[in-house]
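Here's the structure we're looking at; comments come further down.
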Amino acid sequence: MPLALCTTSHSPLIGLHDPDPQVRAEVDGVLAEARAFVTGFAPDLVVVFAPDHYNGFLYDMMPSFCVGAAASSVGDYGLPSGPLDVDRDTAYAIATAVLDAGVDVAVSEDMQVDHGLVQPLTFLFASLTAVPVVPVFINCVAEPLGPAVRARLLGAAVGEAVRELGRRVLVVGSGGLSHDPPVPRLAEAPPEVVERLKHGRNPTREQRAQREGRTIAAARDFAAGRGPFRPLNPAWDALVLDSLAAGDFAALDGRGNDWFVEEGGHSAHEVRTWIAAYAALAAQGPYEVRSRYYRAIPEWFAGFATTTALPR
């Protein structure tokens, strides 16, 4: 069964708070090459491992993992909104196989997804409905978090499941690497933010604009060296990229959650989406990274990376 991989950082700040034009052009060129890789592979199904930023998944019910049998984009940060073309039957087949493999996963018939899942689709395809998708949510921000090894087990189970489909499947991991943007944390949040983290789904246009404006302002401070945010960590990002390229999951499996935060910031947990995607590819056998790009881009609050890979 043919399988290909593309992992990429996302940032809602792309186009809203860009770095120098030459850096933006460099990234655009890398993403164009990734898109050409995907076009050449010609998938007929895309499985996307992605986080959420308290848009679709809140503390009223926060699963560790969830497979979407139907999904729509909330359209945050000016991204396209509306329904995705979710392959419902395949979503249920994957969820069933993952549960049979001993990994607990929820299923949603009405998943709301934000820039964490949508932006990579805009990088790689002409529209959100260009190719059928199966969205797989991985909780990367809402504490308590399970160990990162669980993301590998999830990805491996998904990889085994898609191997039986007889289709050309692209697996996408969206998130990371080191970054520490102003995503609220329940234990530290004031009462009004706690309420939003529990029941803030479907904000008004004005409420969403206020939240997004605060993120852009924080990015300006971070790029200028101000604010309480942890710095980007290119050395740690290289360690993660090297480990995944080598299939050395053990280098990450044994690390506690505090290690990810101390090295990469609170949102570095988004590398769980990369771990899952690479584990899905590894379920097919040895693999080879075909392209790898990295640059620390403080304007986007991101150690920004993009990789592509294929089975050997």
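Here are a few things to note about the model shown:
- Strands (runs of 3 or more DSSP E) contained entirely in region 1-69, each with at least 3 residues that are surrounded by 24 or more Cβ atoms within 10 Å (Cβ to Cβ), in contact with a helix residue (DSSP H, G or I) (Cβ under 6 Å, 6 or more places away or on another chain) and touching a residue at least 40 places away in the same chain (Cβ under 8 Å): 3-8, 45-50
- Within region 262-275, the set of residues being more than 11 Å from the chain's Cα centre (by Cα), buried (at least 16 other Cβ atoms within 10 Å of the Cβ) and at pLDDT 95 or above comprises 263, 264.
- Qualifying positions in region 198-225 - touching a helix residue (DSSP H, G or I) at 6+ places or on another chain (Cβ under 9 Å) and more than 30 Å from residue 240 (Cα to Cα): 198, 200, 203, 207, 208, 211
- Scan region 80-107 for residues that are farther than 19 Å from residue 163 by Cα and surrounded by fewer than 20 Cβ atoms within 10 Å (Cβ to Cβ) and the total you get is 8.
- Odd one out for residue 135, checked against (1) outside any loop (DSSP other than H, G, I, E, B); (2) closer than 22 Å to residue 227 by Cα; (3) not aliphatic (A, V, I, L, M): (2)
- Apart from one condition, residue 183 fits all of (1) modelled with pLDDT under 95; (2) more than 29 Å from residue 82 (Cα to Cα); (3) not small (Gly, Ala, Ser); the exception is (2).
- Residue in region 154-166 that is among the basic types (Lys, Arg), over 19 Å from residue 275 (Cα atoms) and either touching a residue at least 60 places away in the same chain (Cβ under 8 Å) or in a helix (DSSP H, G or I) (or both) present: no
- Residue 147 vs. criteria closer than 23 Å to residue 249 by Cα, out of contact with any strand residue (DSSP E or B) (no Cβ under 8 Å at 6 or more places or on another chain) and not polar (S, T, N, Q): yes
- The condition of being at pLDDT 95 or above and over 20 Å from the mean Cα position of the chain (by Cα) holds for only one of 235, 189, that being 235.
- The residues of region 255-266 that are in contact (Cβ under 8 Å) with a residue 60 or more places away in the chain and either within 12 Å of residue 146 (Cα to Cα) or not in a helix (DSSP H, G or I) (or both), listed by number, are 255, 256, 257, 265.
- Total residues in region 203-221 satisfying the condition of being over 16 Å from residue 179 (Cβ atoms) and touching a residue at least 60 places away in the same chain (Cβ under 8 Å): the figure is 2.
- Among the residues making up region 70-98, those that are acidic (Asp, Glu) and assigned to a loop (DSSP other than H, G, I, E, B) are 85, 87.
- Scanning region 197-249 for residues that are among the hydrophobic types (A, V, I, L, M, F, W, C), within 16 Å of residue 265 (Cα to Cα) and part of a loop (DSSP other than H, G, I, E, B) gives 229, 232.
- Among the candidates 110, 76, residue that is among the acidic types (Asp, Glu) and more than 24 Å from residue 35 (Cβ to Cβ): 110
The values are calculated or read from the model by the stated rules, or taken from the named source; none is laboratory data. Quick caveat: nothing in here was measured; it's all calculated off a predicted structure. Here Cβ is always computed from backbone atoms with ideal geometry, including for glycine, and neighbour counts include all displayed protein chains.
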